[in-house]
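**Q** Pasting a structure here, questions to come.
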Amino acid sequence: ADGSVWSWGHGHSGVWGHGDEQGQLEPRKVEAFANRRVVAVSAGGDQNIALTTDGAVWSWGRGTFGKLGHGDEQHQLLPK
């Protein structure tokens with residue numbers, strides 16, 4: 001395992017972290033983590049959370065009801 005994150009499927013609300021809402025028919029590397037090592041991921045139906053080796057917690061996808069923990073309800077197309 002090299003610490004990369006890969007995602008695919010229906011891309012609504014930026015749930016796959018590629019900066020857009022396009023669906024992915026094949027696995028695609030989440031480039032936002034290119035210089036980071038991810039040690040854990042929790043994938044939900046509309047949002048995702050990742051933990052990097054430096055202890056940072058990243059979230060992206062549908063932000064409704066504050067689900068991403070950013071203090072707002074904005075959808076995030078990229079990990080933040």
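The values are calculated or read from the model by the stated rules, or taken from the named source; none is laboratory data. Bear in mind the structure is a predicted one, so any value in this text is a computation, not a measurement. For neighbour counting, all protein chains shown are included, and Cβ atoms are generated from backbone atoms with ideal geometry for every residue, glycine included. The protein model used for the area step is the full one, side chains on, heavy atoms only, and it has no ligands, DNA or RNA in it. Shrake-Rupley method; radii C 1.70, N 1.55, O 1.52, S 1.80 Å.
**Q** Does Asp54 count as of a type in the set (D, E, K, R), open to solvent by 60 Å² or more (accessible area, probe 1.4 Å), assigned to a loop (DSSP other than H, G, I, E, B) and in contact (Cβ under 8 Å) with a residue 12 or more places away in the chain?
**A** Judged against the criteria, Asp54 is a match.
**Q** Now a separate question. Which of the residues spanning region 20-44 are assigned to a loop (DSSP other than H, G, I, E, B) and either modelled with pLDDT of 95 or more or open to solvent by 60 Å² or more (accessible area, probe 1.4 Å) (or both)?
**A** Hits for region 20-44 are Glu21, Gln22, Val30, Ala34, Asn35, Arg36, Arg37.
**Q** While we're here: Looking only at region 1-19, filter to residues that are touching a residue at least 12 places away in the same chain (Cβ under 8 Å) and open to solvent by 80 Å² or more (accessible area, probe 1.4 Å); which one of those is nearest to His75 (Cα to Cα)?
**A** His10
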